[in-house]
Each structure stands twice: as structure tokens, then as C-alpha cells.
């Protein structure tokens, strides 16, 4: 039946009631059977619903002021402009801190934390799974237990510790408490268990020291796991609101979530454009990082079950 | 002591046998130390410290005095606002938690084997990696309490309501809308874990089951898929519990703090209020301990329920 249809053209989409949908990109051909079309429709509608607020963030960032304030409101942009980003650079709020400063603060905190948590978790995970770490099962239970409660439970003693170390109102206050995270360690440990022992034995027989083995065998092997940690750790630190709210008092050291909230609280209509641009800049980095790393993240999650 | 043991052994044995345990153990301890030290200082220690501080009246200024269980007594007997926060948190967690969990499982299950899966997955997952504070801008546009709000505008135009609903000011709507936002934002980690878990299920089992007479895909799900995915289901559950009991920033940025009539007041909001606005660390620690015990007990329950 299908043989009669010529869909050798590039990028052609044929919708056939009886045979389903055939999509052709050059040589690749994708066929969706008619039985499954309804399933795709269902998923498409659901996904449209979940993605809508994000699409709104993107289109709004490029709306000129009159479209932002129009009544009745419109979802999509008609005459896109990049003026909002210019306004954002100029909008300095009550103090004289430029927006770029908040952005760079956020980047700095997230990047340093991610780097340290990846190294520290990988070292620990290797020690727990492949070396003779004493009390390993007790330690592992402790780490699982630590995944069960929200991080705010430990906020008060952490504040006292950070205060005692003289780190309040420094970016270190946002970094040091976020390095040893149970969730990160857990993912790294579960993935590390897949590392073949024979590989390590061979390296040891060849006379490689443990630190060399770690650098040249373990760390490269753990790539999907640390790619995932980059995503999860970056996302949680980039979006962290409670931490800077508690630890940071000076305007120049604030990170994006606090900056955005103070722009929003300023509430003036002229700020609507700057706000839309700020929201866009706050949201996009996490989405981009996840998109780039998606495949590795799912590979890591395959080993994430708690047994 | 460990160092002596290495030195005591002749070097030849090292190359013939496996590396002596002691050397291995020493390296293990050195490698594990950075994580463990930070973990103790910022996670294990603080749980113990919280319990100790909660038995005092510490307020950062005066020296702490031991007051026994007085903070807990005040919390449960006299603090009506805490009771509201407790109720709100429970309502919130009991609706948003299971709803987000189920939705992400169903979505992962439906997507398993579909084409364009990664694209759908991205669109489904992306909301959970956005910032609650940044996205509140969007939610305020959807739920703006005037005629400008997309939803009010739609409802008025279609004649369902005549005057705009004050979504983020009306005590009756704050919590439901926050729950909706939380569900939207919480379908992330669980979804990824479930997707990966479904990929792990041995496909031969489905064929075997088809021969044994399993008919629908739902039977397949119940008898084969779910039992095989227990470890992933547990990981997802534990993440969901910690996430839904720790809710704070979504409500604050949507409805402010404190919310009208404390309609969106949660345990973490109460904790923040006493710890970092009123600086009553003893009392706030008691709140933290209650939150800890609640989530821990529920987490343990799920570990028991989904044990292998």
C-alpha cells in the first residue's frame, strides 16, 4: 500500500489516516504507525503545556515595552527587539551595582562549586567502591540518610559554622557548604561500581600509583557521572535562593536569584523590560547545559537506583 | 601504624600478590577524607548540633541556656502559626509530591520507545531546572491578580468570572496555585531516573510474559516493569520527599512573606523567620529537628516499602 507513495523528497511529511505519519529527512525515514499517532498527540499536548512558561520567558525577553504592557495581554512577540538587554545593563537598582556583576557572581560561585564537588565526590566514590575503605557500608547508609531531608534542616548550624570561620558575606560561604552533597556522592558512587576491577588490577601490576590510576583510568571512566554532576550541581547552585539570602548582605556580592527579586520588588513599569531580559539570562544557562549533557545524564541515571 | 605495615613487607611480595591491604586502605582514607570532612562539618554535624541547640534558648547574643524540651512544647502547644505551617507543608507535600512523582513516571513510561524521545524529554524536564525565583515572573503573568493576567483575562472573556481573581493575595488560592507551580517544577530528577530505569528493564521478560499470557501493557507494567524498577522508584521517592517538604522560594516569590493569613506559610518559611529574622536559634532549631524527623521517617518508610 505504501509503495505507491513517493516520499523521496527531502523533509517531506505525509500524514496518512490509515498508515500513519511518515517523515523523511534526506535518507532518514521515520514512520509512526497510525495506532501510535494518538500517543504522540497526547505527549505533544502535555509537553506543550510543560514547556509553555519557558517559551514565554524566551518570547517575552524580546518584547518591546508597549507589547509588554499591552491590554489585553498577548503571548507571542510581534516586533522582536533586543532593547530589554540594554535596559538591563543600565538598570542598576537602588545601589550602583551593574547587573553584569550579579551574573558574574553567579557564574563564579556555580563554576567553583561544581569543580570542587566533582573532584571531591569522584575521589570519595572511588575510595568507597574500589579501595579498602573501612566501615564502607555504614558510611554509605549515612550518606543515603542524608539524602532524605531538605538542606534547610542544617542551615542554622551551618550559619554558625560559616560565621565562626569569618566567611559570612563572602562567596566562600556559598561554595564550601555545597561541596559535599550526598546526592552528588551517591550518583558518583553508583556509577563507579561499573568500573571493571580487571582494569585497575592491570594498572597496579604495571606499577601505576593510586593517584595515577585515579587520573588516567578512574576519572575518564567516570565521565558520564561527572557530566551529570556538572548539570545537577550547576543547576542547584545557580538557582540557590536560600544560601545567598542567609549569607550575603552586601549588594556587590549578591547572586542572580536575589538580584532578580530586588528588580522585581522595585516593581516600576519601566523595569518590565529589564526584568524580562534578566529572567531570560537566569533561565537559559541551565537549559543549555542540560541540553548539551542530556545523553550522559541519562546514562548515569541508569545506575542510580537504591538497592 | 598502616605505614609501618607497608615498610615491614618486602617489596617482592607487592609485585607477586595484590597490593597489600594496608596501602590500599591508606589511599582509600586519603581519597575519602576531603568528602568526609566536609560532609561531617556541613551535614552530619549540623544535624546533631541542631538537636543540641533546640534544647537551648540560644539567640546569638546571650549565652545559651538549657531549657529541655521547652521549645518543642511551645512549638506544638502555643504556636498557632507553626500549626498552620505544618498543615500547609503536609497538604503541599501530600499533593505536589505524589502528583509530580506519578506524572514523571507516567511520562517516562509513555516516552519509553517513542521516537523524538530526547526532544520530548527536554521539553518535559526543562521546567525543573529553572529557577523558582526567575519563573515567578512568568507565573505572576499567568496568575496576575488583575485583568492583565493571562488566566484572569481568559476567564473574564469567556464569561466564567466577572471580576479578576486575586490569585496571589487571596488566602484560598495561594496554596493551590503554589502546588501547581511546584508540580510543574518538580517533575525533573524523578523523570530522568525513571527513563533510565525503564531502559534497564530486560526486554526478554516482556516476550516471556506474553507467552505466559500477559495481555495488556498495564499488566506488563504491574508484573514486570515496576518490580524491576524498585531501586529507581526509591531514589525518585527520596528526592521527591526532600524536595516537597523543603518548599520555600516558590511561595515567597509568588505570594511574598509572610503570606496573607499565613495561607502559604510553610515549615521552612517558619524556620527562616525564626532563625534569620528573629534570630531565635534555639526555637528555630526545634523547627529544623521536626522537619528532619518528619522527612527521615517518611524516607525510611519508603525504603521499607520499596526494599528489594
* Calculated FRET efficiency, residue A:288 and residue B:212, Cβ-Cβ r, R0 56 Å, to nearest 0.05? -> 0.75
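How large is the Kirkwood hydrodynamic radius of the range B:73-305, counting all unique pairs of alpha carbons, in Å? Each step should come with its number before you reach the end.
On the way: mean 1/r = 0.0503 Å⁻¹.
Evaluated on the range B:73-305, it is 19.9 Å.
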* Taking the Cα atoms of the range B:203-308, what is the range of coordinates along each of the three principal axes, in descending order and whole Å? -> 66, 27, 18
* Structure fact -> Between the modelled labels at residue B:221 and residue A:71 (7 Å from Cα along Cα→Cβ) the distance in nm is 4.6 nm
* Asked: Going by average Cβ neighbours within 10 Å, how do the peptides A:108-116, A:202-210, A:272-280 rank, with the highest at the top?
  -> A:272-280, A:108-116, A:202-210
* Over the alpha carbons of chain A, what is the largest minus smallest coordinate on each principal axis, giving the biggest first in Å? -> 65, 65, 33
* Per the Debye formula with a single identical scatterer at each Cα and no solvent contribution, what log10 I(q)/I(0) holds for the range B:128-263 at q = 0.17, 0.18 Å⁻¹? -> -0.90, -0.95
* Structure fact -> the protein assembly as shown, convex hull of Cα, quarter of hull surface, nm² -> 35.5 nm²
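Taking the convex hull of the alpha carbon atoms in the range B:42-92, what volume per residue do you get, in Å³? Walk me through the intermediate numbers first.
Working: hull volume 5.9 nm³, N = 51.
Output value, Cα hull per residue: 115 Å³.
What is the gain in length, in nm to one decimal, between residue A:249 and residue A:31 on full extension, counting 0.36 nm per residue of separation less the C-alpha to C-alpha distance? Before the final figure, lay out the partial values.
Details: separation 218, 0.36 × 218 = 78.48 nm, distance 5.76 nm.
Fully extending the segment from residue A:249 to residue A:31 adds 72.7 nm.
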* **Most fluctuating residue given options B:81, B:277, B:52, as computed from a GNM of chain B linking Cα atoms under 10 Å** => B:277
* Among B:217, B:117, B:25: highest mean-square fluctuation, GNM of chain B, C-alpha pairs under 10 Å -> B:25
* Just grab the label-to-label distance for residue B:202 and residue B:151, each label 7 Å out from Cα along the Cβ direction, in nm (one decimal). => 4.7 nm
* To do: Evaluate the distance, in nm, between pseudo-label points positioned 7 Å from the Cα of residue A:81 and of residue A:307 along their respective Cα→Cβ axes.
  => 6.0 nm
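Neighbour counts of other C-beta atoms within 10 Å: give me A:67, B:204, A:265 arranged from fewest to most.
Numbers: A:67 19, B:204 8, A:265 12.
By the 10 Å Cβ count, ascending: B:204, A:265, A:67.
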* To do: Kindly put A:121, B:23, B:104 in sequence by how many other C-beta atoms sit within 10 Å of each C-beta, fewest to most.
  => B:23, B:104, A:121
* **For residues of B:43-51, the mean tally of beta carbons on other chains within 10 Å** => 6
* To do: Show me B:172-179, A:122-129 ranked by packing, highest mean number of other Cβ atoms within 10 Å first.
  => A:122-129, B:172-179
* **the range A:135-154 residues near the modelled residue A:193 label - backbone nitrogen below 16 Å, point 7 Å along Cα→Cβ** => A:136-145
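Could you work out how much longer the chain between residue B:87 and residue B:303 gets when fully extended? Use 0.36 nm per residue separation minus the Cα distance between them, nm to one decimal.
On the way: separation 216, 0.36 × 216 = 77.76 nm, distance 2.44 nm.
Residue separation times 0.36 nm, minus the Cα-Cα distance, leaves 75.3 nm.
When you look at the Cβ of every residue in A:35-48, what mean number of other chain Cβ atoms sits within 10 Å? Can you show the working numbers first?
Values: counts 0, 3, 0, 0, 4, 5, 0, 1, 9, 3, 0, 7, 10, 1.
Across the residues of A:35-48, the mean count of other-chain Cβ atoms within 10 Å is 3.
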* Structure fact -> Rounded to whole angstroms and listed largest first, the alpha-carbon spread of the range A:151-254 along its three principal axes comes to 54, 26, 24
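Among A:117, A:170, rank each residue by its count of other Cβ atoms within 10 Å, from fewest to most, as a rough exposure measure. Intermediate results must be reported in sequence, preceding the final value.
Working: A:117 28, A:170 16.
Listing A:117, A:170 from fewest to most nearby Cβ atoms yields A:170, A:117.
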* When you look at the Cβ of every residue in A:123-136, what mean number of other chain Cβ atoms sits within 10 Å? -> 6
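Bear in mind that the values in this text are calculations on the coordinates, not laboratory data. Please read all numbers here as calculations on a predicted model, not as lab measurements. Neighbour counts are summed over all protein chains in view; Cβ atoms, including those assigned to glycine, are modelled from backbone coordinates with ideal geometry.
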